[in-house]
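Scroll down for the structure; my scribbles are underneath it.
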Amino acid sequence: MRDALGHLALEQANLSASATNYVRHFCLDHGIRPFSDTRSGTGALTADWLEENGAEPARLLFFTRAIAI
């Protein structure tokens, strides 16, 4: 059981790193300033990355409402 949980944790960490890498490369390929902490004031398109764990449906609904407003 301990080995299985360790394997799942390692797989989750690998998937997370892979997703972050994908977003970063996508942004760079499309001229989007990724992971900016401050606004540039130039009107340039920026992107943020947010990773949430647990209660996926509730978190998705929360952020969908926040974006749609």
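The values are calculated or read from the model by the stated rules, or taken from the named source; none is laboratory data. Here the structure is a predicted model, which means the values were calculated and not measured. So basically every Cβ, Gly included, is an ideal-geometry build from the backbone, and we count neighbours across all protein chains shown.
Quick grid of which residues meet (1) assigned to a strand (DSSP E or B); (2) surrounded by 10 or more Cβ atoms within 10 Å (Cβ to Cβ); (3) at pLDDT 85 or above; (4) under 13 Å from the mean Cα position of the chain (by Cα):
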{"position": "L8", "(1), (2), (3), (4)": "no, yes, yes, no"}
{"position": "E11", "(1), (2), (3), (4)": "no, yes, yes, no"}
{"position": "N14", "(1), (2), (3), (4)": "no, yes, yes, no"}
{"position": "T20", "(1), (2), (3), (4)": "no, yes, yes, yes"}
{"position": "L28", "(1), (2), (3), (4)": "no, yes, yes, no"}
{"position": "D37", "(1), (2), (3), (4)": "no, no, no, no"}
{"position": "S40", "(1), (2), (3), (4)": "no, yes, no, no"}
{"position": "L50", "(1), (2), (3), (4)": "no, no, no, yes"}
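Applying a threshold of 9 Å to beta carbon distances and a minimum spacing of six or more residues, or different chains, the list of pairs starting in segment 47-63 at a residue that is free of Cβ contacts under 8 Å to residues at least 24 places away in the same chain and ending at one that is assigned to a loop (DSSP other than H, G, I, E, B) and aromatic (F, W, Y) reads D48/F35.
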